[in-house]
1. Output the peptides 96-106, 35-45 sorted from most to least packed, where packing is the average of other Cβ atoms within 10 Å over each peptide's residues.
2. In nm, what is the difference between 0.36 nm times the number of residues separating residue 244 and residue 90 and their Cα-Cα distance?
3. Helix-only estimate, please: 222 nm mean residue ellipticity of the chain, summing -39500 (n - 2.57) across DSSP H runs of length 4 or more and dividing by its residues, to the nearest 500.
4. Using the Cα atoms as the points, what is the convex hull volume per residue of the stretch 1-100 in Å³?
5. Tell me, what is the per residue accessible area of the stretch 1-158 in Å², probe radius 1.4 Å?
6. Under the definition of Cα pairs under 8 Å and six or more residues apart, what whole-number percent is the relative contact order of the chain?
7. Would you mind calculating the relative contact order of the stretch 1-100 from Cα pairs under 8 angstrom and at least 6 residues apart, reporting the percent as a whole number?
8. In the stretch 159-211, what GluC sites (Glu not before Pro) fall in a loop by DSSP, with at most 14 other Cβ atoms inside 10 Å?
Amino acid sequence: MVATGLTIGIGGSGGVFAPTLFIGAMAGTAFGDIAHQILPGATESPGAYGLVGMAAALGGATRAPITAVIILFELTGEYRIILPLMAAVAMAAAVSRLLSKDTIYTRKLRRCGVDIDRPRHPFATVTAADLARPILQPLWQTSDLATAATALERNPGGILPVLDETGRYRGCVSAREVAESLDAPEPPATLAPLVQELSPIAADTCFHDIVIALAGHGGTGLPVVDTDHTAVIGWVNHEDLLSVLHAEPGR
C-alpha cells in the first residue's frame, strides 16, 4: 500500500489495476478474519470479505462501480455476495468522490494539463492572431495632431495604437481625444500626451479570454500584440468574434 501510494503520489509510472485488487483483497480478508474470530456463527468466511473488499477498492480507485461489480462477479460467479458486493462498491465510489475530485487515472491526466471534465469549447483552437485584422496606418508618438486626425478619419473604429520610435506598442489614442486637443487653445505638438495605456491582447490568447478582455470596450476593440507584447500585429473587436461564430456550420 505504501509503495503504490508513493508511486502514484509522486507521479511515477506504475501499476494501478492489479495493486488495487491486491490491496482490497488483503484488507477485506483481514477484516473478515477478525470478524470471523469475534462472531464465527454470524459471519461468512474471510475469503468472501476479501472478494467484497477487492471490488470496493477497485470501485473507489477507478470510480467505475458497474465495471467493478461485473469484473468481480464474473471472476467468482458467487450469487450470494452480489448484494453486499454492490453495496460496498457504491459506498466506496461515493466516499472516493467526497475525498477527491479526480480518480487515480484522471489525476495523471490533470498533471499533464488534460481536464476531461471540462467541456471543450468549440473555438478552443482560435487565438487572437487568427482574428486580428491588419492595421493600415498605426500612429507614432512623434506624429502631429493633423496626421493623427487624418488616420483616425479613415479608421471606422475611431481609435488606433501608438508606437514609439523603436516600433514598440505604447498605448492608444482615440478620435475624440485628438478632436478635443485640436480645439484646445494650446494643442500639444505630438500625440505623446494623449496616449492612453490600453492593455493589449497577446497573439496566443484563446477565444474565451478574448471575450473577457473585450468586455467594456464596446465596438472599439483592442490591439493585438505578439507574444513579447512589443509589436502590434493587428486589431480585434466583437465583430471579429461574431464572424467566427457565423462561419461555424449550423450556427
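The values are calculated or read from the model by the stated rules, or taken from the named source; none is laboratory data. Everything quoted here is computed from the prediction, not taken from an experiment. When we count neighbours, we look across all protein chains shown, and the Cβ atoms used for this are built from the backbone with ideal geometry, even at glycine. Note: accessible area is taken over every heavy atom of the protein model, side chains too, but ligands, DNA and RNA are not part of it. Shrake-Rupley method; radii C 1.70, N 1.55, O 1.52, S 1.80 Å.
1. Most protected by this proxy first, the peptides run 96-106, 35-45.
2. Between residue 244 and residue 90, full extension yields an extra 50.9 nm.
3. -15000 deg cm²/dmol
4. Given the Cα convex hull of the stretch 1-100, per-residue volume reads 101 Å³.
5. So the stretch 1-158 comes to 63 Å² accessible per residue, rounded to a whole number.
6. RCO, the chain: 13 percent.
7. Rounded, it is 24 percent for the stretch 1-100.
8. When the GluC sites (Glu not before Pro) of the stretch 159-211 are filtered for loop state and at most 14 Cβ neighbours within 10 Å, 165, 197 remain.
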